[in-house]
Amino acid sequence: MRPSLTIAQKTFIEENRLSISAADMAKTFGVGKGVVLRYLSRNGLSVPHEVALTFRTKANNKRLDSIIHPEDEIIKAEYLNIPVKALAAKIGRSHTFVITRLEKLGLEIPNEIIEQRKLDSYIKKGSVSFNKGLKQSDYMSTEMIELTKATRFKKGQLPHNAVGFKDGDIVIRHSHINRNSPPYKWIRLSKRNWKMLHVYMWEQAYGPVPKGHIIVFKDKNTMNVVLENFECITREENMRRNSLHRYPEEIKSSIRLIGVITRKINKDEKQNQ
């Protein structure tokens, strides 16, 4: 089924065919260029060749924007005064629409205003939730309450990633997979209760880890989980061992450079995913 034009769009074509190209009007209406051209042809609405040559100028494109987007005047007047989401609600448009129009109009919100708006959006100390002490029916319609039922957690329900495990199961996790952190083995002790396997094994053999201490791997291999490979040291000692200050200056520079290159590679890989 071919897309059709509304009465308002037909009127717009008739009134602006000598100032706006068929391609630009079609793009604005969300139809193919041929739809507009066929309407012009069927109704004997010709466009002189010399006029058509002027359609691609920037002046005409700006004029098209001003005709099709009357909200631009409000955006230009208010974008520095109210947040983008509030501005979008004011003109009855989406957040993305306002962002796109700001870019098209060459308007940029200064960083200091963006940062201040972030601070203003934070929950302040002592703030009270709008629905505190209220029943759900006091601030939501019956229809909305029904829609939320499908997404609620049921009593006793477990997260999707907790299903299928039993006590004693061991899994491998990364503390921060995007930064090439070492993997660690974790053991399930009970429902919703997991512990690092090397810490669990140490405690089974020697008792609780003293306050301010951690269990590390002597050979740095976090997959070599055997008691002989564990060592209990203070956090200060661990920091000293991992500090750059224990290396000569030429090695420090190489380590820093490797870190910069690694972060750059990780960032590029993430963007290409």
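Points worth noting:
- The one condition from (1) modelled with pLDDT of 85 or more; (2) surrounded by 10 or more Cβ atoms within 10 Å (Cβ to Cβ) that residue 147 does not meet is (1).
Matching residues to (1) under 20 Å from the mean Cα position of the chain (by Cα); (2) open to solvent by 90 Å² or more (accessible area, probe 1.4 Å); (3) free of Cβ contacts under 8 Å to residues at least 60 places away in the same chain:
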site	(1), (2), (3)
85	yes, yes, yes
100	yes, no, yes
110	no, no, yes
117	yes, no, yes
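- Residue in the range 63-80 that is closer than 30 Å to residue 191 by Cβ, at pLDDT 80 or above and touching a helix residue (DSSP H, G or I) at 6+ places or on another chain (Cβ under 8 Å) present: no
- The range 68-83 - residue that is within 22 Å of residue 9 (Cα to Cα), in contact (Cβ under 8 Å) with a residue 24 or more places away in the chain and not acidic (Asp, Glu) and, of those, surrounded by the fewest Cβ atoms within 10 Å (Cβ to Cβ): 68
- Single unsatisfied condition, residue 175 versus (1) open to solvent by less than 90 Å² (accessible area, probe 1.4 Å); (2) of a type in the set (S, T, N, Q); (3) at pLDDT below 75: (1)
- Number of residues in the range 128-158 that are within 29 Å of residue 192 (Cβ to Cβ), in a helix (DSSP H, G or I) and among the polar types (S, T, N, Q): the value is 2.
The values are calculated or read from the model by the stated rules, or taken from the named source; none is laboratory data. These figures come from a predicted structure and were not determined experimentally. Virtual Cβ from ideal backbone geometry, glycine too; neighbours counted across all protein chains shown. Only protein heavy atoms, including side chains, enter the accessible area calculation; ligands, DNA and RNA are left aside. Shrake-Rupley method; radii C 1.70, N 1.55, O 1.52, S 1.80 Å.
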